[in-house]
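Read the structure below first, then the notes.
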Ligand SMILES: NC(=O)C1=CN([C@@H]2O[C@H](COP(=O)(O)OP(=O)(O)OC[C@H]3O[C@@H](n4cnc5c(N)ncnc54)[C@H](O)[C@@H]3O)[C@@H](O)[C@H]2O)C=CC1
Ligand SMILES: O=C(CO)COP(=O)(O)O
C-alpha cells in the first residue's frame, strides 16, 4: 500500500515507522512534516530527534514537507492518508483533503476547541469536524492504548480502527495489522472518539492523585468511576456502552492513567508538585490533549444534563478555581451514589 502520514510528531513518526516496516519493508510510506526545516532535520539524521529521539527511521521511509495547500496534489495517488496532527490541526488538514477520493483516518484524541462564530456552542468530535468541512470524505479514526515510543520500537500493542465505512476499517487493518501490532475493527466511531478524548482528562486526574500520594485504592476508584463517566457521556452522544470496555475505553484509560509515558498523566503529576498549568505544559514539549478538551467534555455533558464529577474537578483545577487538595475534598465530599451509575 502507498500510505502518507501527515504530521511528524511522536505519534505520526511512530506509526510511519510501524507501517514502513523494519527491517523488512511492508508498505511504501511517506512522512509529511508541515515545516521544511523539520523535514530536513529528519532526513539528515534519519531520526526524529525532537519528538521521538533514539529511534532510527526505516531506510525505506520517505520524508517530505510542503505547504498544506499542496496536499491535494501530494496525496492524490495514495491508498491511505493518516492525519497525525493534534486536534488543533485536524480541521485545517481535512479542509485541504475535502475532495480526496483516498480513505483518510485521524489519530488525534480529543474534542476540538470551540470555534469562534460556529453554530454549535461547544467543541466537536473529530468525525463531527469532518462532517462540517469534508462531508464526502471516506474516513475513520485509529485509536487505543499505544505509547508512541513502544509502537516505534515494535513492542506488542493493539489498536482499534473505527469507521462507518468497512473499506476504511479494512484499509487501516491492511496498513497496520502485523506481527507486533494488532488492529481490531469497530463501527462505533462515537464510542472510540469519546474514549480517546475523555481518557486524557482522567489521566490528568490520576496523575494528580498519584502525585499527591493518595494511594492505590484512590487510583483504582478514580479509574473505575472515570470509566463510568466516560461511558455515560459516550452513550448519551450515541455510542454503544460495550465500546468503553474495549481498547479505546478501558484499554487506553488504564494505559495513560497508570503509565508515566503519558503526557496527560505528567500534567497531573506536575500540578500535584505545585507547578502552574503553564509550567506543566511548557515542560512537556508535546501536546497533552486533556488540557485543551476538558472544558468541552464537561460542557457537552452539561448540555446533555449529565454529571461528570471527576472531569468537572479537572476543569476547576485547570482553571485555577480549585487547588489540588481541594479537588480531592470536593470529590470525596459528594453524597452517596448507587453503583452501577
Ligand atoms: N504520542 C502518543 O503516544 C500518542 C498520541 N496520540 C494523539 O496523536 C495526536 C498527536 O500527538 P503527538 O504526535 O504525540 O504530538 P506531538 O506533540 O509529539 O507532535 C505534534 C505534531 O503535530 C504538528 N502540528 C501541530 N499543530 C499542527 C497543525 N495545526 N497542523 C499540522 N501539524 C501540526 C507539530 O508540528 C508536531 O509535529 C494527539 O492528538 C495525541 O493525543 C495518540 C496515540 C498515541
Ligand atoms: O494516547 C496515548 C496513548 O494511547 C498517549 O497519551 P498521552 O497523550 O497522555 O501521552
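Readers should treat all values here as calculations from the given coordinates under stated rules, not as data from a laboratory. Quantities reported herein were computed from a predicted structural model and do not represent experimental measurements. Neighbour counts are summed over all protein chains in view; Cβ atoms, including those assigned to glycine, are modelled from backbone coordinates with ideal geometry.
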Which residues, taken from the stretch 129-162, are assigned to a loop (DSSP other than H, G, I, E, B), on the phi < 0 side of the Ramachandran plot and more than 16 Å from ligand 2 (Cβ to nearest atom)? 134, 135, 136, 137, 138
Can you report the number of residues in the stretch 146-164 which are more than 21 Å from residue 129 (Cα to Cα), away from ligand 1 (no atom under 12 Å from the Cβ) and in contact with a helix residue (DSSP H, G or I) (Cβ under 7 Å, 6 or more places away or on another chain)? 1
If you check 67, 37, 72, 53, which single one turns out to be within 16 Å of ligand 2 (Cβ to nearest atom), exposed (fewer than 15 other Cβ atoms within 10 Å of the Cβ) and free of Cβ contacts under 8 Å to residues at least 40 places away in the same chain? 53
Can you find, within the stretch 261-285, the residue that is nearest to residue 89 (Cα to Cα) among those that are within 10 Å of ligand 2 (Cβ to nearest atom) and surrounded by fewer than 16 Cβ atoms within 10 Å (Cβ to Cβ)? 284
Check whether at least one residue in the stretch 91-105 is within 16 Å of ligand 2 (Cβ to nearest atom) and either surrounded by fewer than 18 Cβ atoms within 10 Å (Cβ to Cβ) or under 27 Å from residue 261 (Cβ atoms) (or both), and report yes or no. yes
Tally, over the stretch 165-204, of residues that are in a helix (DSSP H, G or I), away from ligand 1 (no atom under 16 Å from the Cβ) and under 17 Å from the mean Cα position of the chain (by Cα): 2
Lone unmet requirement of (1) away from ligand 1 (no atom under 12 Å from the Cβ); (2) free of Cβ contacts under 8 Å to residues at least 60 places away in the same chain for residue 114: (2)
So residue 32, is it within 13 Å of ligand 1 (Cβ to nearest atom), within 30 Å of residue 116 (Cα to Cα), without any contact (Cβ under 8 Å) to a residue 60 or more places away in the chain and crowded, with 24+ Cβ neighbours inside 10 Å: yes
